[in-house]
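*Asks:* Sharing a structure below in structure tokens format, with a few things to ask.
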Amino acid sequence: MALLEVKDLKVHFPIHGGILGRVVGYVKAVDGVSFSIEPGQTIGLVGESGSGKSTIGKSILGLTHITAGTIRFDGKDITKSVRKNRSPYRKSVQMIFQDVYSSLNPRKRVLDIIAEPLRNFENLSKTEERKRVDELLSIVGMTPDNASKYPFEFSGGQRQRIGVARAIALKPRLIVCDEPVSALDLSVQAQVLNHLKDIQQELKMAYLFISHDLGVVKHMCEHLAIMHHARFVEYGTRKDIYENAAHIYTKRLIAAIPDIDPNKRKDNARNRAEINALYEKELPDYYRDGYGVYDLRPISDTHQVAML
Amino acid sequence: MAQDVLLQVKDLRTSFRVEGEYYAAVDGVNLDIYKNEVFALVGESGCGKSAMALSITRLHNMNYTRCEGEVLYEGKNLLTMTLPEINKIRGGSIGMIFQDPLTAMNPLMRVGAQIEETLTYHTNMNRSEKKSRTLELLDQVGMVNPALTYDQFPHELSGGMRQRAMIAMAIAAKPEIIIADEPTTALDVTIQAQILDLLDELRGSTGGSMLLITHDLGVVADIADRVAVMYAGQIVEIATVFELFANPLHPYTRSLLNSMPSALTEEARLHTIQGIVPSLQNLPRSGCRFAERIPWHHASLHEEDPQYHEVSPGHFVLCSCYKTFTLKAGA
């Protein structure tokens, strides 16, 4: 049974206008998205800024309202109760945020930051709590003496590891990682990604990995969903997407990844130009009225694409 | 291939005051930028690459910054010029493109007016000439409807369009050098590709040089001619782009290239560099600055006073530690 099942999720935000501030329209941030995550699986959510990928993550955590659709966790419909505090669901789903500078309370010690979820859900004594925090710190490769420090004393990569430690404190079954390494330098990014992979193997958690970096996503995720215009345009395994992309938007995205081989520069530029020309030409085949994304349609067992 | 040097940076040392003491963020950098080339400066945050770019056009706040050394452009030292002189160069002979176009532009001025401002300072055009030149520039950077964009405010444009407007502003006075500080970092990958193609195209048509500052090795491989890798305020390796990617030598360059989660390979673990980038006050000021990140590499293999070694024409590596270095994953 799937751990998380999202069906036809829609999140619309009202636009207020006029003197009376009446609702004059809606921004459709997510407009009909369905997917499921199996226990221990990593699903990548890729798309350009504004495509709605973060909104999906937030609605799963109950950080934004849901306009329509259902979210089932462990077979139970939690669409209505997702925003309730201290429900058991809240314990099993955690989040790692992009901005490591604003997601840690600057006035709390690392001990208090990591222990906060424990204090909310588990009744531990002071010594038990301290023991757990030390364990969590060692999982993310930090020493126990860091517990009494404040966030400003750490570098970006260390802060993100504190964020990871907080997210795994309750041994959740699903972690939503919203651009966890986008703000980090290359060498630090590698450290955090390695830790995320190790922890997943150890604790058997599922990840919903949101990123715009196709290199990072390919490294982390066995299944990928490509988002554009608030909907999925393609869904498939790593191999389906990177070697056998079917949707024109996916092709364009992959062609845009800069290659680290300068010798292929000319070929890549030509390839990119060809795909851009194709994109202009074939747009009507993939988008209704040049914008609307069609429903996903399977083209193999694992591979679905949104086209006519 | 002997080339004309356009801009020469000599022993540049840019220091910031922290709690009353000056600490060098750029610590003795030498480089030449030739005519009609894209010179890339790569490094992680805090290595001094932006500090260097801002030193060239003297955009630092001099209340707490000290710039020593020389930046020679047409035989004149930019660092000792008077303010009116340097103002002629800024935006005139040296154009700048910043990372975040929204904060770099004036939110209360229309895009057209902002581009015209450059023309007002650096050319003798009259009003109608300025307007037609601005429309031409907007068209050149790929705006779909230049006349409309001309009258829009920066917030009305998307990120990619804003960056295009920034580029139009930078090339307005036909500069000989463009300093581009992370021009595509804030953009989506498809837009990034478009902007890089645009910069490449402009370079063909205007024939200027570019100093490209970035942390993205993919961008470097895509557009640069020569590359300098910076670590802790120093250039540790400098080579042509083909040489650098085919034959990286300095331990830092090699570690960096190996820690990339490339879209083309998918190994189980990424290479990591042990430790962290030292902060400004804690920079090791003597010996090989990368030594503490590769502790398994014995101290005797580093030079006490690291020098540049020319391994092949134009390929320089700092410190002799590269000769015996083997990669080893950090913690």
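*Asks:* So which residues of region A:248-291 lose at least 40 Å² of accessible area, probe 1.4 Å, when you go from the chain by itself to every protein chain present?
*Replies:* A:Arg252, A:Ala256, A:Pro258, A:Asp259, A:Ile260, A:Pro262, A:Arg265, A:Arg272
*Asks:* Could you work out how much longer the chain between B:Ser286 and B:Asn36 gets when fully extended? Use 0.36 nm per residue separation minus the Cα distance between them, nm to one decimal.
*Replies:* Extra length from B:Ser286 to B:Asn36 when fully extended: 86.4 nm.
*Asks:* Still on this structure, I have one more. Of the listed peptides B:307-315, B:28-36, A:184-192, what is their order by residue-averaged count of other C-beta atoms within 10 Å, with the highest listed first?
*Replies:* Ranked by mean Cβ neighbours within 10 Å, highest first: A:184-192, B:28-36, B:307-315.
*Asks:* Count the net charge of all other residues whose Cβ sits under 11 Å from the Cβ of B:Arg162, scoring Lys and Arg as +1 and Asp and Glu as -1.
*Replies:* So the environment of B:Arg162 carries a net charge of -1.
*Asks:* Separate question: Do you know which residues of region A:158-192 lose at least 20 square angstrom of accessible area in the protein assembly compared with their chain on its own, with a 1.4 angstrom probe?
*Replies:* With the partner chains in place, region A:158-192 has these residues losing at least 20 Å²: A:Asp185, A:Leu186, A:Ser187, A:Ala190, A:Gln191.
*Asks:* Right, next: Compare the Cα positions of B:Thr184, A:Leu296, A:Ile19 along the charge dipole of the protein assembly as shown (+1 at Cβ of Lys, Arg; -1 at Cβ of Asp, Glu; about the Cα centre) and return the one farthest towards the positive end.
*Replies:* A:Ile19
*Asks:* From the phi angles alone, apply the Karplus equation (6.51, -1.76, 1.60; θ = phi - 60°) to region B:160-171 and give each ³J(HN,Hα) in whole Hz, x where the residue is Gly or Pro.
*Replies:* Each residue of region B:160-171 in turn: x, 5, 4, 5, 5, 4, 4, 5, 4, 5, 5, 9 Hz.
*Asks:* Can you pull the one-decimal nm distance between simple spin-label points at B:Met109 and B:Trp296, each 7 Å off the Cα toward Cβ?
*Replies:* The answer from the label model is 5.5 nm.
*Asks:* Dipole size in debye (nearest 20) for chain A around its Cα centre, Lys and Arg Cβ +1, Asp and Glu Cβ -1?
*Replies:* Here chain A has a charge dipole of around 960 debye.
*Asks:* How many percent of DSSP beta bridges within chain A run antiparallel, rounded to 5?
*Replies:* 65
*Asks:* Shifting gears a bit: Quick one: if you stick a label point 7 Å off each Cα along the C-beta vector at A:Ser36 and B:Ser312, how many nm between them?
*Replies:* Distance between label points: 5.5 nm.
*Asks:* Now for a different question. Given the rule -39500 (n - 2.57) for each run of at least 4 DSSP H residues, summed and divided by the residues of chain A, what is its mean residue ellipticity at 222 nm, to the nearest 500 deg cm²/dmol?
*Replies:* Result for chain A, helices only: -11500 deg cm²/dmol.
*Asks:* Using the Karplus curve 6.51 cos²θ - 1.76 cosθ + 1.60 with θ = phi - 60°, work out ³J(HN,Hα) for each residue of region A:105-112 in order, rounded to whole Hz, and write x for Gly and Pro.
*Replies:* 5, x, 9, 10, 6, 4, 4, 5
*Asks:* Still on this structure: Viscosity 1.567 mPa s, temperature 4 °C: what is the translational diffusion coefficient of region B:234-323 from Stokes-Einstein with a Kirkwood Rh over Cα pairs, rounded to a whole number of µm²/s?
*Replies:* So the translational diffusion coefficient is about 90 µm²/s.
*Asks:* Provide the three semi-axes, in whole Å and in decreasing order, of the ellipsoid equivalent to the protein assembly as shown as defined by the square roots of 5 times the Cα gyration tensor eigenvalues.
*Replies:* 41, 33, 24
*Asks:* About its Cα centre, how strong a charge dipole does region A:1-63 have in debye, to the nearest 20, once Lys and Arg get +1 and Asp and Glu get -1 at the Cβ?
*Replies:* Dipole of region A:1-63, to the nearest 20 debye: 280 debye.
*Asks:* On average, how much accessible surface per residue is there in chain B, in Å², for a 1.4 Å probe, leaving out ligands, DNA and RNA?
*Replies:* Result: 44 Å² per residue.
*Asks:* Kindly provide the helix-only [θ] at 222 nm of chain B, computed as the sum of -39,500 (n - 2.57) over DSSP H runs of four or more divided by all residues, to the nearest 500 deg cm²/dmol?
*Replies:* Helix contribution divided over all residues of chain B: -9000 deg cm²/dmol.
*Asks:* Another question, if that's okay. At 0.890 mPa s and 25 °C, plugging the Kirkwood radius over alpha-carbon pairs of region B:1-154 into Stokes-Einstein gives what diffusion coefficient in µm²/s?
*Replies:* In µm²/s, the coefficient is 138.
*Asks:* Can I ask one more? For region B:31-88, max minus min Cα coordinate along each principal axis, in Å, sorted largest first?
*Replies:* Principal-axis extents of region B:31-88 (Cα, largest first): 32, 32, 18 Å.
*Asks:* Please report how far the C-alpha centroid of region A:195-226 lies from that of region A:286-308, rounded to the nearest whole angstrom.
*Replies:* 24
*Asks:* Taking a probe of 1.4 Å and counting only protein heavy atoms, give the total accessible area buried between chains B and A in Å², rounded to the nearest 100.
*Replies:* 3300
*Asks:* Follow-up question, since we're still on this one. Please report the antiparallel percentage of the DSSP beta bridges confined to the protein assembly as shown, to the nearest 5.
*Replies:* Looking only at bridges with both residues in the protein assembly as shown, the antiparallel portion is about 65 percent.
*Asks:* If you don't mind, there's one more thing I want to ask. Which value, in debye to the nearest 20, describes the size of the charge dipole of the protein assembly as shown about its Cα centre when Lys and Arg Cβ atoms bear +1, Asp and Glu Cβ atoms bear -1, and nothing else is charged?
*Replies:* 2120
*Asks:* Restricting to chain B, compute how many DSSP beta bridges are antiparallel as a %, nearest 5.
*Replies:* 65
*Asks:* Shifting gears a bit: With contacts defined as alpha carbon pairs under 8 Å and 6 or more residues apart, what's the relative contact order of region B:2-224 in percent?
*Replies:* 25
*Asks:* Related question: Within region B:50-107, report the GluC sites (Glu not before Pro) that DSSP leaves as loop and that have at most 12 other Cβ atoms within 10 Å.
*Replies:* B:Glu74
*Asks:* Now for a different question. Tell me the label-point distance for the pair A:Asp198, B:Thr120, using the 7 Å Cα-to-Cβ offset, in nm and rounded to one decimal.
*Replies:* 5.9
*Asks:* Around A:His65, with a cut-off of 12 angstrom between Cβ atoms, what is the net charge of the other residues, counting Lys and Arg +1 and Asp and Glu -1?
*Replies:* Net charge in that neighbourhood comes out at +4.
*Asks:* A follow-up question, please. Name the long-range amide H neighbours of A:Arg173: under 5 Å, sequence gap of 5 or more, or other chain; modelled H, no Pro or chain starts.
*Replies:* Answer set, sorted by chain and number: A:Val93.
*Asks:* What accessible area per residue comes out for chain A, rounded to a whole number of Å², with a 1.4 Å probe?
*Replies:* 46
*Asks:* Still on this structure, I have one more. Find how much the distance from A:Arg22 to A:Glu274 grows on full extension, using 0.36 nm per residue of separation minus their present alpha carbon separation; answer in nm with one decimal.
*Replies:* Taking 0.36 nm per residue and subtracting the Cα distance, the gain is 86.2 nm.
*Asks:* Further question: Computing the accessible area with a 1.4 Å probe over protein heavy atoms, can you report the carbon and sulfur percentage for the protein assembly as shown?
*Replies:* Whole-percent figure for carbon plus sulfur exposure: 50.
*Asks:* Moving on. Rank B:Pro313, B:His250, B:Gly275 by how far each Cα sits towards the positive end of the charge dipole of region B:234-323 (+1 on Lys, Arg Cβ; -1 on Asp, Glu Cβ) and give me just the farthest.
*Replies:* Positive-end residue among those listed: B:Gly275.
*Asks:* Whole angstrom only: what separates the Cα centroid of region A:104-183 from the Cα centroid of region B:38-112?
*Replies:* Here the answer is 40 Å between Cα centres.
*Asks:* Just A:Gly21, A:Gly141, A:Gly69 to compare: in a GNM of chain A, with alpha carbon springs under 10 Å, which one fluctuates most?
*Replies:* Of A:Gly21, A:Gly141, A:Gly69, the most mobile in the Gaussian network model is A:Gly21.
The values are calculated or read from the model by the stated rules, or taken from the named source; none is laboratory data. These figures come from a predicted structure and were not determined experimentally. Heads up, the Cβs are rebuilt from the backbone with ideal geometry, glycines too, and the neighbour counts pull from every protein chain shown. Heavy atoms of the whole protein, side chains included, go into the accessibility calculation; ligands, DNA and RNA do not. Shrake-Rupley method; radii C 1.70, N 1.55, O 1.52, S 1.80 Å.
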